[in-house]
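This report concerns only the one structure given below.
The values are calculated or read from the model by the stated rules, or taken from the named source; none is laboratory data. Since the structure is predicted, the reported quantities are computational estimates derived from the model, not experimental observations. Cβ sites come from the backbone with ideal geometry, for glycine too, and all protein chains shown count toward neighbours. Each accessible area value is taken on the protein alone, full model and side chains, heavy atoms only, with ligands, DNA and RNA left out. Shrake-Rupley method; radii C 1.70, N 1.55, O 1.52, S 1.80 Å.
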Amino acid sequence: MFSLPYVLQQFINAIILGSIYALVAIGLSMVYGILRLINFAHGDILMIGAYTGLFLLTLYKAPFAIVLIVPMLVGGLIGVIVERVAYRPLRKAPEVALLITSLAVSMFIENLAIMVLSPRPRRFRIPSFLSKSHFYGAINFRNIDILIVILTVVLVVVLTLFVKKTKIGIAMRATAESINTSYLMGINVNNIIMLTFAIGSLLAGVAGMMFASKYGRIEPFMGFLPGLKAFVASVIGGIGSLPGAVMGGYLLGFAEIFFVGFLPPQLSGYRDGFVFLLLIIVLLIRPSGIFGQAEKREV
Amino acid sequence: MKRFLGVLFGISILFLVIFFIDKRFNSYYREIFSIIGINIILVTSLNISNGFTGLFSLGHAGFMAVGAYTSALLDLPLDKKAMLLPNLPYWLGHISLPFLLSVIMAGFMAAFFAVLVGYPVLRLKGHYLSVATLGFMVIVRVVINNTPNLTRGAIGINNIPNYTNIWWVYFWVVITVYALWRIINSSYGRAFLAIREDHIAASLSGVNLTKYKILSFAIGAFFAGVAGALWAHQITAITPRAFSFVTTFNIVVMLVIGGMGSISGSIVSAFLLTLLPELMRPLEEGMVLFGYQLPQLYGLTQLIMATLLILVMIFRPKGLMGDRELSLKGILGQKSS
Amino acid sequence: MLRLENVEVYYGVIRALKGITLKVEKGEIVSLIGANGAGKTTTLRTISGLLTPKSGKIYYNDQDITYVPPYKRVGMGIAHSPEGREIFTTLTVYENLVLGSYLRNDREGIEKDINWIFSLFPRLKERLSKPAGTLSGGEQQMLAIGRALMAKPQLLMLDEPSLGLAPILVEELFEVIEDINKQGTTILLVEQNANMALSISQRAYVLETGSVKMEGDAKELQENEDVKKAYLGA
């Protein structure tokens with residue numbers, strides 16, 4: 001059977017991967033909660049965050065704190081621009097129009113990246129103090145891994161407090177429940193939606209940095225699959241719910257790592273297929289996810 | 001009778017056009033016309049589920065892949081089969097079907113997968129259905145990548161005989177368009193429309209939702225499989241990477257710009273948007289303009305397609321044709337009866 | 001205070017309001033009565049800005065607000081307690097009330113008003129931190145009205161406040177409405193229970209299929225034979 005250190009190692013890997021999924025899933029889930037939109041372009045914000053980080057690191061030799069913060073801001077900004085330019089004109093359009101547009105936005109960003117940055121994958125090297133490894137017997141992890149997990153926890157706690165306690169946070173939750181009634185409260189719904197995109201994209205930007213740091217390699221299409229998987233994560237947790245997105249992210253991280261780590265190695269190539277199989281199963285058995293309420297609006 | 005003559009007239013014109021292209025154009029242009037035809041099959045067939053039935057599937061490239069691999073496995077010459085795929089099951093390693101048969105089988109295999117996948121997935125609504133079908137596409141790719149004995153995995157199958165020509169392609173275009181046309185104007189077509197317009201009303205009026213949804217999905221998949229087979233024998237090499245999200249996206253763009261719910265819109269749009277990348281190719285590869293070497297702009301075509309799609313969604317959400325059809329009467333400005 | 005001039009509203013191709021003209025003076029209680037589908041709710045939704053007229057004008061304190069976005073109208077003093085309550089069920093009672101005061105920044109004033117709402121509807125206080133979705137129908141109605149009051153409106157629009165309430169509660173509710181009015185809030189009331197509405201109103205409008213059919217003094221309308229027959233169930 002599997003040795004304890006091996007199991008612990010898988011556990012650690014799952015937490016790291018889950019953290020990244022959780023951060024990406026939050027943005028998808030919050031946007032879906034308000035607009036009923038699966039934002040396919042969300043994963044591409046992750047890619048933008050990673051490239052921003054790469055340039056700060058290699059061209060400007062910027063300190064790592066800045067390399068973390070600037071991609072967040074750039075990601076947030078792009079998210080807001082996308083919402084303003086592509087999604088806002090479709091506020092009253094049918095759902096499928098939004099879906100198609102988000103596919104188009106995703107294609108747009110990816111191909112712009114190919115044109116400007118070349119389709120060639122690039123190596124992503126993090127500063128040596130972050131790539132330093134710790135060994136405890138057969139278990140090992142790097143400083144960057146610790147940073148990823150801590151940063152995720154901090155961001156999730158801050159965001160949760162913001163959404164729970166502040167007036168704007170309450171307004172965000174209200175808007176997710178009913179846009180019209182929110183207007184009657186005097187809430188500027190467009191601003192709230194913009195803010196939701198900004199926060200979600202901010203987290204995707206930093207998740208992109210984490211993803212790049214973890215795998216050491218970036219390319220223009222890198223965001224597509226993590227974006228889709230984050231959607232799976234938010235469905236598992238119950239789409240529209242913040243704790244759901246976080247839980248879903250970690251659950252998916254565990255499911256995926258355990259699938260690879262504990263099942264026969266011949267199966268590990270089916271990893272991505274397994275994730276979508278999971279999606280289909282969850283949607284059929286419990287479409288509202290773990291934390292979600294049954295959807296009020298007709299899907 | 002009048003309609004029959006019209007169809008006959010149309011087919012004769014098409015016959016003459018293809019004859020002309022076949023004789024007068026070089027192989028590069030003939031290939032472009034083949035691809036246009038294949039795209040017409042893909043877009044019109046996607047229209048059945050996405051346009052007419054309102055099930056917005058993103059799995060078309062998956063069905064195309066199923067068709068492409070099925071046909072290649074069925075009609076590869078035996079010597080090539082032995083060389084490329086030595087580990088095939090005995091019966092599969094020792095058959096080599098004629099092209100027509102392998103294309104038909106490709107269609108049926110894709111339709112079979114559609115029924116298999118459709119049964120659970122088509123119960124989902126709206127966005128969930130779209131993502132689940134996209135998930136199906138990813139699963140198809142993963143499976144192809146991981147069954148090297150059958151598909152040679154990521155390397156793909158090359159040396160596929162170049163059976164496809166414009167005659168074959170437009171033979172299938174005519175069959176596809178005619179079949180879809182007949183289906184849409186039958187009681188099945190009305191059931192599809194009823195599902196699109198109003199789920200609840202359709203189910204109350206006794207339309208067996210699941211049956212019709214799966215039927216619509218499977219018909220679309222059948223022709224996607226056919227198109228995949230034709231494509232495989234045109235390009236002569238297939239890899240799982242060829243059936244990606246980008247492939248689905250391009251078909252969706254053509255569909256939406258042509259107008260969901262309009263067969264003629266799909267045809268026009270497939271024609272125009274297949275030509276676009278060919279026109280853009282010099283730009284993408286970095287052409288010399290007035291003595292200046294322009295930089296390479298890979299991705300430009302997709303960028304333009306994406307921009308076009310966003311603009312269409314915002315300013316003309318029903319596409320070129322909406323759910324109307326082109327007709328000679330309409331073009332000549334007469335009132336259609 | 002509020003004036004609608006020939007307001008026409010469409011739902012798609014259907015003309016829901018066919019040129020409504022009405023006014024509400026400061027300090028009044030004005031009722032809109034009429035059958036289902038007469039356009040009462042549509043009128044309120046147009047005044048609060050959720051619907052935009054195809055033609056016609058809306059004036060509020062002599063300012064043209066026809067195209068002012070809905071959230072700005074709240075800031076101008078128009079509050080709307082919508083039909084079917086439409087409270088935020090996933091939010092707590094307290095959070096619902098806080099959202100009512102979304103545009104206000106006077107922390108103390110808000111706390112004071114929350115306490116005032118609790119004095120009007122003591123039940124809400126007991127449910128302070130419960131999700132509003134767990135309240136009973138009557139409690140949700142109180143919350144919806146309380147939430148609208150939290151905006152400190154000059155004009156309060158109530159859409160079917162008595163819907164689904166027990167008769168005793170309805171009387172209580174109408175007393176509260178009169179109370180609020182006496183404290184200086186102008187009220188535009190839409191009610192199925194026309195008798196009750198007319199008895200506390202100064203003036204009223206009778207709507208029929210999107211137009212004003214009759215208007216005038218509430219007491220006179222209450223005595224009018226046609227109105228009696230059609231709406232008062234006499």
Would you list, by chain and number, the aspartates and glutamates whose Cα falls below 14 Å from the Cα of C:LYS125, excluding same-chain residues fewer than 8 positions away? C:GLU95, C:GLU111, C:ASP113, C:GLU139
A drop of at least 20 square angstrom in accessible area, chain alone versus all protein chains together, probe 1.4 Å. Which residues of segment A:212-229 meet that? A:PHE224, A:LEU228
Over the Cα atoms of chain C, how large are the radius of gyration and the largest Cα-Cα distance (Dmax), in Å? 17.2, 51
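Please give the per residue volume of the convex hull enclosing the alpha carbon atoms of segment A:1-122, rounded to a whole number of Å³. Present the calculation step by step, with values, prior to reporting the outcome.
Values: hull volume 19.6 nm³, N = 122.
So the per-residue hull volume is 161 Å³.
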Considering every residue in B:247-254, what mean count of other chain Cβ atoms within 10 Å of its Cβ is obtained? 2
Can you tally the net charge around B:PRO277? Count Lys and Arg as +1, Asp and Glu as -1, for every other residue whose Cβ sits under 12 Å from the Cβ of B:PRO277. -2
Using a Cα-Cα cut-off of under 16 Å, which lysines could be cross-linked to B:LYS213, ignoring same-chain neighbours fewer than 8 residues away? B:LYS125
Label-point separation, B:PHE108 to B:ASN87 (7 Å along Cα→Cβ), nm: 2.8
Cα-projected label distance for B:LEU78 with B:VAL288, points at 7 Å along beta-carbon direction, nm: 5.3
Give me the angle, in degrees from 0 to 90, between the Cα long axis of helix C:107-120 and the longest principal axis of the Cα atoms of chain C, rounded to the nearest 10. 70
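Among the listed pairs C:LYS18/C:LYS40; A:LYS132/A:LYS214; C:LYS40/C:LYS213; A:LYS92/A:LYS167, which are separated by more than 23 Å between their Cα atoms? Walk me through the numbers on the way to the answer.
On the way: C:LYS18/C:LYS40 12 Å; A:LYS132/A:LYS214 12 Å; C:LYS40/C:LYS213 12 Å; A:LYS92/A:LYS167 26 Å.
Going by Cα-Cα distance, A:LYS92/A:LYS167 fall outside the 23 Å limit.
As an exercise, use a Förster radius of 35 Å and the Cβ-Cβ distance of A:ASN190 and B:LEU275 to find the FRET efficiency, rounded to the nearest 0.05. Intermediate results must be reported in sequence, preceding the final value.
Numbers: r = 39 Å, r/R0 = 1.13.
E(calc), rounded to 0.05, equals 0.35.
Applying a 10 Å radius around every beta-carbon, put A:36-42, C:156-162 in order of their mean neighbour count, most first.
Per-residue Cβ counts within 10 Å, averaged per peptide and sorted highest first, yield A:36-42, C:156-162.
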Buried on assembly, segment A:105-127 (at least 50 Å² less accessible surface than by itself, 1.4 Å probe): A:MET107, A:PHE108, A:ASN111, A:MET115
What translational diffusion coefficient, to the nearest whole µm²/s, does segment A:26-223 have by Stokes-Einstein, given a Kirkwood radius computed over alpha-carbon pairs, a temperature of 4 °C and 1.567 mPa s viscosity? 73
Using only Cα atoms, tell me the angle between helix C:137-149 and the longest principal axis of chain C; keep it within 0 to 90° and round to the nearest 10. 90
Tell me the angle of helix A:224-237 to the major Cα principal axis of chain A, expressed in degrees between 0 and 90 and rounded to the nearest ten. 70
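Of all accessible surface on the protein assembly as shown at a 1.4 Å probe, what whole percent is carbon and sulfur?
Numbers: 23890 of 37600 Å².
C and S atoms contribute 64 percent here.
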Principal axis extents for the protein assembly as shown, Cα atoms only, whole Å, descending order, please. 99, 84, 61
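Give the interface area between chains A and B as buried accessible surface, both sides summed, probe 1.4 Å, in Å² to the nearest 100.
Working: alone 14620 and 17490 Å², together 28400 Å².
It comes to approximately 3700 Å² buried between A and B.
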Starting from the 7 Å offset along Cα-to-Cβ, what nm value, one decimal, do you get for the label separation of B:ARG3 and C:ARG104? 6.8
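Just to make sure I understand: if all protein chains stay in place, what is the order of A:ARG286, C:ARG147, B:ARG24 by accessible area at 1.4 Å, largest first?
Details: A:ARG286 115, C:ARG147 0, B:ARG24 175 Å².
Ranked from most to least accessible, the order is B:ARG24, A:ARG286, C:ARG147.
As a test, work out the antiparallel percent of DSSP beta bridges whose residues both lie in chain C, rounded to the nearest 5.
Values: 22 of 40 bridges.
Given both bridge residues lie in chain C, the antiparallel proportion sits at roughly 55 percent.
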Largest to smallest principal axis extent of the C-alpha atoms in chain B, angstrom: 59, 58, 43
